[in-house]
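The values are calculated or read from the model by the stated rules, or taken from the named source; none is laboratory data. Given the structure is predicted, the values throughout are model-derived calculations rather than measurements. Glycine gets a Cβ as well: all are built from the backbone with ideal geometry, and neighbour counts include every protein chain shown. These accessible areas exclude ligands, DNA and RNA; they are computed on the full protein's heavy atoms, side chains included. Shrake-Rupley method; radii C 1.70, N 1.55, O 1.52, S 1.80 Å.
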Amino acid sequence: MKIFAYYLPQFHCIPENDKWWGKGFTEWTNVKKAQPLFKGHKQPKEPLGDNYYSLDNIDTMKWQSNLLRKYKIDGLIFYHYYFQGKKLLEKPVEMFLKHQEIKIDYFFCWANHDWYRSWEGSKELLLEQTYGSKKDWDEHFNYLLSFFKDKRYQKKNNKPLLMVFNSDFEEKKEMFDYFDRRCKENGFAGISIIEKFESYDLKKKNVFMEKISNQTDFIHLREPGSSLNSYKSNVINFPKRVYLEFSRRYLGNVKVYDGNKLLKIMTKSKIKDDRVVRGLFFEWDNTPRHSKRGYVITPPNKNVFLEFMDSIEENEFLFINAWNEWCEGMILEPTKENGYKYLEWIKEWREKL
């Protein structure tokens, strides 16, 4: 199994964020402002050693890559923000590309969704995602090509991986067919698309797979959304008693979910399909972004984590959400609260195989 973790590049200043959110805004801004909203609510999340880093410093990425290697994580899934020629938050990965001495595999998740001012309870459109025509696709592909050619960029049978966040857009088939042809023209066997979904209906999987792109080799069940939606819609077809045991309580307006119960739901989902890539998360708390409109998932126990990992050990990939989603409480990086705990769990599991 190869383990990759999602990587958020919003830890350096850009002009757009200065305009939309205020001068000097980064992800750390909301992290530092977070407050506990109920008894026992552990906020703010704080990096170990007060390491409020900036991703325009290559030493930060070297430090992160050393941690990844030490704790047996194979690579990163960089969020790629591209809006018909306009790039956002591209500096860290472009800097990473230039520094070949950083020996960590990676690939892109194209975060092809609109950007809204929603963190403050409103729904103002800041930047719309549009797809354009072949001329625009060519410009996009040429930008991606320099990364595809990087020996560290993850391939499947000589096909560069590219995850797509939003799988539902009109131009998808034609656009990815074009990317596939251009990859072949540049010495690859094509492109390998990963489509991300929040749920997967085992009873209708053939119909489900017919909806995806011709170039799609994998679908990814992104966590924690998949497990929450599985609980709500029963698409994974668990025994009813599992749902009755699942606990959720309300503390003020904040919903709190039991992380152990969710991870057990994930463990019980025996998906025997090589095209499905499983996901994992350890905690969740997006109240730094959404305050009482957010929700919390409590930390799992180590033995529950180990049981889940044992249940999927034959899988080709595992995608962890996330390396550094500090405002959503999904953090593999060391924190004052947990130290290196989750990294140590992963390393321990891998070393016993």
Is it the case that the range 49-59 has a residue that's touching a residue at least 40 places away in the same chain (Cβ under 8 Å), of a type in the set (S, T, N, Q), in contact with a strand residue (DSSP E or B) (Cβ under 8 Å, 6 or more places away or on another chain) and farther than 21 Å from Phe4 by Cβ?
no
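Could you pull out every one of the strands (runs of 3 or more DSSP E) wholly within the range 216-326 that has 1 or more residues that are modelled with pLDDT of 85 or more and open to solvent by less than 10 Å² (accessible area, probe 1.4 Å)?
Details: elements: 216-221, 248-251, 254-257, 276-280, 295-297, 317-320.
Once the strands (runs of 3 or more DSSP E) in the range 216-326 are filtered for at least 1 residues that are modelled with pLDDT of 85 or more and open to solvent by less than 10 Å² (accessible area, probe 1.4 Å), what remains is 216-221, 254-257, 276-280, 295-297, 317-320.
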Within the range 281-304, is there a residue that is within 14 Å of Phe4 (Cα to Cα) and touching a strand residue (DSSP E or B) at 6+ places or on another chain (Cβ under 6 Å)?
yes
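Which of the strands (runs of 3 or more DSSP E) found entirely inside the range 57-149 contain at least 3 residues meeting this: modelled with pLDDT of 95 or more and either open to solvent by less than 20 Å² (accessible area, probe 1.4 Å) or of a type in the set (Gly, Ala, Ser) (or both)?
Numbers: elements: 75-83, 86-88, 105-110, 115-117, 124-127.
In the range 57-149, the matching strands (runs of 3 or more DSSP E) lie at 75-83, 105-110.
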Checking Gly329 against (1) small (Gly, Ala, Ser); (2) within 15 Å of Gly225 (Cβ to Cβ); (3) open to solvent by 10 Å² or more (accessible area, probe 1.4 Å), which test does it fail?
(3)
Go through the range 186-208 and report how many residues are of a type outside the set (Phe, Trp, Tyr), surrounded by 15 or more Cβ atoms within 10 Å (Cβ to Cβ) and either part of a helix (DSSP H, G or I) or at pLDDT 85 or above (or both).
9
Restricting the search to the range 19-42, which residues are touching a residue at least 60 places away in the same chain (Cβ under 8 Å), in a loop (DSSP other than H, G, I, E, B) and open to solvent by less than 20 Å² (accessible area, probe 1.4 Å)?
Ala34, His41
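Suppose the filter is free of Cβ contacts under 8 Å to residues at least 24 places away in the same chain, open to solvent by 10 Å² or more (accessible area, probe 1.4 Å) and farther than 26 Å from Cys13 by Cα; does Asp168 pass it? If you could, list the steps in order and put the result at the bottom.
Numbers: free of Cβ contacts under 8 Å to residues at least 24 places away in the same chain: yes; open to solvent by 10 Å² or more (accessible area, probe 1.4 Å): yes; farther than 26 Å from Cys13 by Cα: yes.
For Asp168, the condition - free of Cβ contacts under 8 Å to residues at least 24 places away in the same chain, open to solvent by 10 Å² or more (accessible area, probe 1.4 Å) and farther than 26 Å from Cys13 by Cα - is met.
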Does the range 1-18 contain any residue that is within 22 Å of Pro334 (Cα to Cα), among the hydrophobic types (A, V, I, L, M, F, W, C) and assigned to a helix (DSSP H, G or I)?
no
